[in-house]
Structures are given as structure tokens and as C-alpha cells.
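Quick one: structure below, then a few questions.
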Amino acid sequence: MRLPQWLSLTAFIAAILLLWSLRELLLLLFAAVVLAMALCTLVGILRERRPMQRPLALVICIVGLLVLLAGAAGIVVPPFLEEFSLLLQKLPEAGQTLVRMGVDWIDTISEAIYGADAFPDLNELGLKDPRQLVPDGSSLAAGVGSGVLGLLGLAGNLGNGVLRLLFVLAVALMISIQPQAYRSVGLQLIPSFYRRRGRRILDQCGAALSSWMVGVLISSVAVFLLCSIALTLLGVKLVLANALLAGLLNVIPNVGPTMSTIFPMAVALLDAPWKAAAVLGAYVVIQNIESYVITPSVMHHQVKLLPGLTLAAQFLFTLLFGPLGLLMALPLAVVLQVIIREVVIHDVLDRWRRLEPVR
């Protein structure tokens, strides 16, 4: 290799290392672009229905979103705090109930198989009461307190997280005000011979993100309604808060539905252990309906992401970028799918010609 080629290779490697060192900032910028795309989609829908200036439509959309978020927080947060406090008080009692049920089941099965005297009595084991198997309230509170302190330590600096959130919101708002200007700046970074093609690819990425957002919104609303019906039939408290939580966490596939199951199961455990099992079964059925019926129907004309690729993208981006990578895994996968299809497959591989042997 000649000196100019070595210099080009060195510059390329340096650029890759620089981008890798700035990966967190780039992911925050991508999160701002996704948020701006959502705002631009809402603004476009509003302007189609009611012709108005873009700044006015943007202000109306932002105010509407803030009202919805404030209402959702008012519905979810206070009942969650109240029920969580009650849960900590009632958890030892629920644990004792589970222990009694387990002991009774084991005793019944043992008597049916081996006879009445085959299974030792609890008194022979030094246990006068199943409560001895469950920690008391003070030890439980101490354990919960140490666990909360550990979680706070792992969470990092709260102020740093707030600054990142403000940065994303500010950049998203700036892009939403003048999307075409920022789009033109992005196209200037592409070589001149590829800018026309790059403009079409950017349009396809934007359309794919918008379609994905609409599909996720419809799917989340369906999960919210199904969870509301299931929890109402089971008689579980805080139906609206739990169903709203399930709909919101449905945005994060695989991980979100699992997280949304924990709190309604804990609330149901305060009433009866069988209710917790019933809630788990109902949520499993709902998630299967969402995965195999609702999502394929909604995404049929939208973005098609294979479940295996979705899970692989979540694992990879979480490994590379942490919790924010998990949250942004799906929009990243949507954009990368368009780029790989249009650039790598159509523009490179489909035009690849096998070289004829020289005679």
C-alpha cells in the first residue's frame, strides 16, 4: 500500500474510534430524532384535518401530550405508592398463606402415595407454625431497605439522567420546528453522487418509523383494553393503573410485558394467592394474542420485524448502550432494516457481478 492509502486507512480507523467513543451521544441524538419524528407525525395529522401554521400545530400537539402525561401520572403514581406500601405490610401474611398451602399440598400427595404416616409432622422438624418459614415484618423491611439502597446505587446520578432527558427534549423540539432544514444538513454529509438516492432512503426511514409508531400505538391500546377486561373480571384492584402500565410497557417487547405483570400479581396476592396465578395466566394469554394476532394484523401493511431479530437487536443494543439501548432497540432495528435493505442489498449486493476469468 502506498502512503495515501495508509493515510486514508488511518483516517477511517480514527473516525470509527471517534464515533465509538461518542456512541452514547449519538444514541441520545437518535432518541431525539425518534421523538421529533413522533411530533412531526402528530403535527402532520393535525394539519391535514385543520389547516394551520406549523408552529401553532406543534404547540397544540405538545400541550395535548403534556396534558395526557399529567393525567396518566395522576392516575398511576398515587395508587401505586399506596398499594406498594400496603403490599409491604401484607407480604408476610401472603407468604404464610403460600407456605400453608404448599405444606397442605405436599402432605395430601404424600398421604395419597405413601400413606398417612410416611410424611413427617412439622413438630418433628422443630416447626410449630408455618410462620417460622416466613421472615417477620422488621427483617423484611430491612431487606427491602437495603435492596432499595442498592438499586439507587446502581441507578447512578439522577441529575445526570435529568440533563440527558432535557437534552433529548430540547433537540427533538428544535428538529420538530424546522425538520426540512435539519434533513438538508444530514444530506450534506452524504457524497454528492449519492445524495438523491440518500434522500429517498431517508424518506423510507422516516416512513418506516412513522408506521412503526402507529402500529405500536394500536397494539398498546389493544393490550390496555384486554388487560382492563381481564383484571375487572378477576376483581383485582387498580384496574386502570395496571392496565395503563401494561399498555405503556408494551412498547418494549419481551421485557416490557414481563415487567407489567409483576405489580398486578402483587396486588392480587393481597386478596388471594389464586388471583395472582390467575393474573399471570391472563397476562400470558393476552401477550400471546398481542404477539400472534394483533401485531401481525396491525403490522401487515406497516413494518415487518421478525421476533428473532427483534430479540437479537434488544440483546445487542442493551449490551452496547445499556438501558437506553434496550429502550431504543426497536426504532434502531427499524432504521437499520431499511438501510441494510436499500444500501447493502439493493445498491451493493444486487449489483454485484461475478468477474469472468481472464483467458
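The values are calculated or read from the model by the stated rules, or taken from the named source; none is laboratory data. Source: prediction; values computed, not measured. Reconstructed Cβ throughout: ideal geometry from the backbone, glycine too, with neighbour counts over all protein chains shown. Accessible surface areas use protein heavy atoms only, side chains included; no ligands, DNA or RNA. Shrake-Rupley method; radii C 1.70, N 1.55, O 1.52, S 1.80 Å.
Of all residues in segment 171-186 being without any contact (Cβ under 8 Å) to a residue 40 or more places away in the chain and open to solvent by less than 70 Å² (accessible area, probe 1.4 Å), which is nearest to Leu56 (Cα to Cα)?
Ala181
Being among the hydroxyl-bearing types (Ser, Thr, Tyr), touching a helix residue (DSSP H, G or I) at 6+ places or on another chain (Cβ under 9 Å), open to solvent by less than 40 Å² (accessible area, probe 1.4 Å) and without any contact (Cβ under 8 Å) to a residue 40 or more places away in the chain, is that true of even one residue in segment 231-240?
No, segment 231-240 contains no residue that is among the hydroxyl-bearing types (Ser, Thr, Tyr), touching a helix residue (DSSP H, G or I) at 6+ places or on another chain (Cβ under 9 Å), open to solvent by less than 40 Å² (accessible area, probe 1.4 Å) and without any contact (Cβ under 8 Å) to a residue 40 or more places away in the chain.
Now for a separate question. Quick check on segment 36-60: of everything there that is in contact with a Cys (Cβ under 8 Å, 6 or more places away or on another chain) and in contact (Cβ under 8 Å) with a residue 60 or more places away in the chain, which residue is surrounded by the fewest Cβ atoms within 10 Å (Cβ to Cβ)?
Per the stated criteria, the residue is Leu39.
Does Ile201 count as open to solvent by less than 40 Å² (accessible area, probe 1.4 Å), in contact (Cβ under 8 Å) with a residue 60 or more places away in the chain and outside any helix (DSSP H, G or I)?
When the stated conditions are applied, Ile201 does not pass them.
Right, another one. Any residue at all in segment 269-287 that's of a type in the set (A, V, I, L, M, F, W, C), open to solvent by less than 70 Å² (accessible area, probe 1.4 Å) and not in a helix (DSSP H, G or I)?
Looking for residues that are of a type in the set (A, V, I, L, M, F, W, C), open to solvent by less than 70 Å² (accessible area, probe 1.4 Å) and not in a helix (DSSP H, G or I), one finds at least one in segment 269-287, hence yes.
Consider segment 61-72. How many of its residues are at pLDDT 75 or above, farther than 15 Å from Ile177 by Cα and open to solvent by less than 70 Å² (accessible area, probe 1.4 Å)?
4
Hey, another quick one. Are there any pairs, at least 6 apart or on different chains, whose C-beta atoms fall under 8 Å, with the first in segment 61-76 and under 18 Å from Ala241 (Cβ atoms) and the second open to solvent by 70 Å² or more (accessible area, probe 1.4 Å) and part of a helix (DSSP H, G or I), and if so, which?
Short answer, once both residue conditions are applied: Ala72/Leu248; Ile75/Leu240.
Would you be able to tell me the number of residues in segment 265-291 that are in contact with a helix residue (DSSP H, G or I) (Cβ under 9 Å, 6 or more places away or on another chain) and of a type in the set (Asp, Glu)?
Selection size over segment 265-291: 1.
(1) closer than 27 Å to Leu309 by Cβ; (2) open to solvent by 40 Å² or more (accessible area, probe 1.4 Å); (3) in contact with a helix residue (DSSP H, G or I) (Cβ under 8 Å, 6 or more places away or on another chain): which one isn't true of Gly247, the others all being true?
Of (1) closer than 27 Å to Leu309 by Cβ; (2) open to solvent by 40 Å² or more (accessible area, probe 1.4 Å); (3) in contact with a helix residue (DSSP H, G or I) (Cβ under 8 Å, 6 or more places away or on another chain), only one is false for Gly247: (2).
Another question about this same structure. Within segment 11-30, can you find the residues that are touching a residue at least 40 places away in the same chain (Cβ under 8 Å) and open to solvent by less than 60 Å² (accessible area, probe 1.4 Å)?
Leu27, Leu28, Phe30
Test Val99 against the criterion of being touching a helix residue (DSSP H, G or I) at 6+ places or on another chain (Cβ under 8 Å) and either more than 26 Å from Met265 (Cα to Cα) or at pLDDT below 85 (or both), and give yes or no.
So Val99 passes the test.
Please determine, by comparing only the residues of segment 308-323 that are modelled with pLDDT of 80 or more and surrounded by 16 or more Cβ atoms within 10 Å (Cβ to Cβ), which one is nearest to Arg164 (Cα to Cα).
Checked segment 308-323; the qualifying residue nearest to Arg164 (Cα to Cα) is Phe321.
Further question on the same structure: Does at least one position in segment 212-228 carry a residue that is surrounded by 15 or more Cβ atoms within 10 Å (Cβ to Cβ) and in a loop (DSSP other than H, G, I, E, B)?
The answer is no; no qualifying residue exists.
Taking Val33, is it modelled with pLDDT of 85 or more, open to solvent by less than 80 Å² (accessible area, probe 1.4 Å), closer than 30 Å to Ile175 by Cβ and not basic (Lys, Arg)?
yes
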